[in-house]
Amino acid sequence: MKKYNRKSKTYRFRIIAIFFDRWHWVLLVIAAPFLIFPSPSRSLALIVIPGLWIIACLAGRNEPLPRTPLNASLLLMFCMVLVSLWSTFDLAYSLSKISGMVLGIGVFFAVAHEAKHPNGFGLSLLLFLGCGLGIATLGVFGTSWFNSKITLFDPVIARLPRFIMGFQGAESGFHPNEVAGALIWVLPLMITICIALFSFQRINKNKETIAQRKGWLVILSGWRLTVVTILFLVVTFFVCMVFLLSQSRGGYIGLALTLLLLILIALPRKLRFYSLIVLLVFGLILGFLVASRWESVRIWISGNNLAADPALSLNTLEGRLEIWSRAIYGIQDFPFTGMGMNAFRKVVPVLYPLFSIAPDIDIGHAHNEFLQAALDLGIPGLIAFVGLYIGTILMLVEVWRTTRLHQTNDGYESVVTRCFVFGLGGGLIAHLLYGLTDTVALGAKPGLLFWILLGLIAGLYGQKQAVCRDGNSCTPTNTVGIGLNE
């Protein structure tokens, strides 16, 4: 290690850099409001994120930016954000999404750095869950419930007060579909943690198991476990209710399919095989019924007769198909640079007029997160966005595989890690399914949850890679089933 003279300016400069690097989270929190609610006069806050990375280099940190499988995709995405500065029709109009992207990437690396250690992972996890609870609370008092689809919820929605109005980018209130898209990132994790807490009740009876716990996980014992379980059940129930009130059919389908997938993975191998057979038979019967009553299904899709119930109506499908076609036109016209972040909503009425949607209606996004990524950042940005999903899923698979090879005798650590893999991976997959028909656009304020989620997964992956580097074997072994109960 290079030695410095304590009286030299280089030494003092390095000490200052180490101090600011140690408190980089504080600087990030201070800059966050200026990046979440940006304006041209506050745009200098954008230099805080790369400034923190420079400080980490000056402080002598071994890895100024944590090494993760996502770094290449993030580099390409960051470059395309810079390209979007040139391609956008109005830099001030795109500023909110650009600053949101810069903040999101900064938060990802900060979380990934902290979450490589168990205590840092715990604090980052609390941040993630707290943001989800905060969005649910804001959703109750600030959502614009303009299009109720399920009449059962009407009496509840009618009694909800609206205290929060005038947010930048949501002046008339939050869109319920966007609230659902944000909550679906955290709901699978909340549900799996609730299940794990009940599992801990059984494990908690073993005093030797309690003695082996380390760090923040020590609180999950005795009466504290009961208190945490009750509080978490209340919070999860509240977030679930807000999610249901959003009446987002894409969110409902995405969460339902994801929970079904997680249940199948958690089942022992034999039960999983029989369950797949049952689902296959059910799918064949459903397909036969649809084929035999195709005319009724066609009328339902067209919005007549059977579509009288808004909860079952697919009237919006026609509008989405038209929006998707305009998005494809935009990608064809701006394939390499994109049309600029947040520009689609203004470019569509001018270059690609819609026929089934009035021109005065604001089309905030392409209602498909992959099309929206290509519109904002071009096809290279789309490749980077897809790379984030692929890299994250591969990290989850590796963490799962490593967990199977390094289980404690009591199974406690295995349950905890699998809970996180299920919850974090479930949130990623559920939002992916939601994103096929709706979008929380890149750079949007609720999208901060996405970057924290990726950071948590990268941190968990870093912890498990450290286990392998310590000299333990990470070669797959034959195991009977992969369920949580095995």
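The values are calculated or read from the model by the stated rules, or taken from the named source; none is laboratory data. Here the structure is a predicted model, which is why all the values come from computation and not from measurement. Counting neighbours? That spans all protein chains shown, and the Cβs are built from the backbone with ideal geometry, glycine included.
For the stretch 357-383, give me each residue that is outside any helix (DSSP H, G or I) and under 24 Å from GLY251 (Cα atoms). Steps first, please.
Going through the stretch 357-383, the residues outside any helix (DSSP H, G or I) turn out to be 357-368.
Within the stretch 357-383, ILE357, ILE361, ASP362, ILE363, GLY364, HIS365, ALA366, HIS367, ASN368 meet the criteria.
Limited to the stretch 253-298, what total is found for residues that are without any contact (Cβ under 8 Å) to a residue 24 or more places away in the chain and either under 18 Å from VAL186 (Cβ atoms) or outside the structural domain of LEU433 (by TED's automatic domain parsing) (or both)?
Residues in the stretch 253-298 being without any contact (Cβ under 8 Å) to a residue 24 or more places away in the chain and either under 18 Å from VAL186 (Cβ atoms) or outside the structural domain of LEU433 (by TED's automatic domain parsing) (or both): 1 in total.
Taking the stated definitions as given, is LEU65 in a helix (DSSP H, G or I) and not polar (S, T, N, Q)? Give the derivation first.
Details: in a helix (DSSP H, G or I): no; not polar (S, T, N, Q): yes.
In short, no.
Can you pull out every residue in the stretch 45-94 that is buried (at least 20 other Cβ atoms within 10 Å of the Cβ) and in contact with a Lys or Arg (Cβ under 8 Å, 6 or more places away or on another chain)?
Matches in the stretch 45-94: PRO66 only.
Evaluate the following for TRP53: is it more than 20 Å from the chain's Cα centre (by Cα), part of a helix (DSSP H, G or I) and farther than 30 Å from GLY423 by Cβ?
Numbers: more than 20 Å from the chain's Cα centre (by Cα): yes; part of a helix (DSSP H, G or I): yes; farther than 30 Å from GLY423 by Cβ: no.
So TRP53 fails the test.
Answer with yes or no whether THR403 is farther than 21 Å from PHE128 by Cα and modelled with pLDDT under 90. Break it down stepwise before answering.
Values: farther than 21 Å from PHE128 by Cα: yes; modelled with pLDDT under 90: yes.
In short, yes.
Determine the pairs where a residue that is under 21 Å from TRP53 (Cβ atoms) and in the same structural domain as GLN463 (by TED's automatic domain parsing), located within the stretch 105-134, has a partner that is assigned to a helix (DSSP H, G or I) and among the hydroxyl-bearing types (Ser, Thr, Tyr) with Cβ atoms under 6 Å apart, the partner being 6 or more residues away or on another chain.
VAL111/SER124; GLU114/SER124; ALA115/SER124
Which number in (1) assigned by TED's automatic domain parsing to the domain that holds LYS116; (2) touching a Leu at 6+ places or on another chain (Cβ under 7 Å); (3) more than 22 Å from ASN342 (Cβ to Cβ) marks the one condition that ALA72 misses?
(2)
Going through LEU103, LEU123, LEU75, LEU127 one at a time, which residue ends up being modelled with pLDDT of 90 or more and either closer than 17 Å to ALA384 by Cα or basic (Lys, Arg) (or both)? If you could, list the steps in order and put the result at the bottom.
Working: LEU103 fails: either closer than 17 Å to ALA384 by Cα or basic (Lys, Arg) (or both); LEU123 fails: either closer than 17 Å to ALA384 by Cα or basic (Lys, Arg) (or both); LEU127 fails: either closer than 17 Å to ALA384 by Cα or basic (Lys, Arg) (or both).
Just a single option satisfies the conditions, and that option is LEU75.
Restricting to the stretch 31-46, give me the number of residues that are part of a helix (DSSP H, G or I) and either under 23 Å from the mean Cα position of the chain (by Cα) or closer than 16 Å to PHE108 by Cα (or both).
7
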